[in-house]
């Protein structure tokens, strides 16, 4: 079993489970490393559309918009476009890589972190553990 161990990140008086993930567009191989927030309240992965631009993903070619809610400040109905990317978690010679849907949207704060949700991230691991007392979190594969 692989165990990935991370320290939480200070955000004011709060400790947040943020980790760098390598996001790859499988259609062109373009990669970006981005700090993302583990968000057990998020149903799926939600990233700002700026990340799609960095990966040369043309969201205008995706006609179907999906409704979602629970984040942002514009109320409960937000819209985004789904695209499959490859997400990799890597640490000290260990890595885990998988394809996952991401909902790209302009309706998140562009300065905020992408959200790693239950479907498409958490479900790729045997266990996800957050310990605020030790200021660490763990991913088990």
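The values are calculated or read from the model by the stated rules, or taken from the named source; none is laboratory data. Because the structure is predicted, anything quoted here is derived from the model rather than measured. All Cβ positions, even for glycine, are placed from backbone atoms using ideal geometry, and neighbour counts span all protein chains on display.
Of all residues in segment 107-128, how many are free of Cβ contacts under 8 Å to residues at least 60 places away in the same chain and loosely packed, with under 14 Cβ neighbours inside 10 Å?
The first filter runs over segment 107-128 and keeps only residues free of Cβ contacts under 8 Å to residues at least 60 places away in the same chain, leaving 107, 111, 123-125, 127.
Filter again for loosely packed, with under 14 Cβ neighbours inside 10 Å, leaving 111, 123, 127.
The total comes to 3.
Scan (1) part of a loop (DSSP other than H, G, I, E, B); (2) without any contact (Cβ under 8 Å) to a residue 40 or more places away in the chain; (3) surrounded by 13 or more Cβ atoms within 10 Å (Cβ to Cβ) for the single condition residue 29 breaks and write down its number.
(3)
Looking at 129, 107, which one is in a strand (DSSP E or B) and over 19 Å from residue 22 (Cα atoms)?
On the way: 107 fails: in a strand (DSSP E or B).
129 is the lone residue from the list that is in a strand (DSSP E or B) and over 19 Å from residue 22 (Cα atoms).
Among the residues of segment 91-102, are any over 26 Å from residue 6 (Cα atoms), touching a helix residue (DSSP H, G or I) at 6+ places or on another chain (Cβ under 9 Å), in contact (Cβ under 8 Å) with a residue 24 or more places away in the chain and surrounded by 12 or more Cβ atoms within 10 Å (Cβ to Cβ)? Break it down stepwise before answering.
Of segment 91-102, the ones over 26 Å from residue 6 (Cα atoms) are none.
No, there is no match, as no residue in segment 91-102 is over 26 Å from residue 6 (Cα atoms), touching a helix residue (DSSP H, G or I) at 6+ places or on another chain (Cβ under 9 Å), in contact (Cβ under 8 Å) with a residue 24 or more places away in the chain and surrounded by 12 or more Cβ atoms within 10 Å (Cβ to Cβ).
When you scan segment 33-54, do you find a residue that is free of Cβ contacts under 8 Å to residues at least 24 places away in the same chain, surrounded by 13 or more Cβ atoms within 10 Å (Cβ to Cβ) and in contact with a helix residue (DSSP H, G or I) (Cβ under 7 Å, 6 or more places away or on another chain), even just one?
So far as segment 33-54 goes, no, none of its residues is free of Cβ contacts under 8 Å to residues at least 24 places away in the same chain, surrounded by 13 or more Cβ atoms within 10 Å (Cβ to Cβ) and in contact with a helix residue (DSSP H, G or I) (Cβ under 7 Å, 6 or more places away or on another chain).
Listed residues 70, 75; which is farther than 18 Å from residue 18 by Cα, loosely packed, with under 12 Cβ neighbours inside 10 Å and either more than 13 Å from the chain's Cα centre (by Cα) or modelled with pLDDT of 95 or more (or both)?
Working: 70 fails: loosely packed, with under 12 Cβ neighbours inside 10 Å.
Unique residue meeting the criteria: 75.
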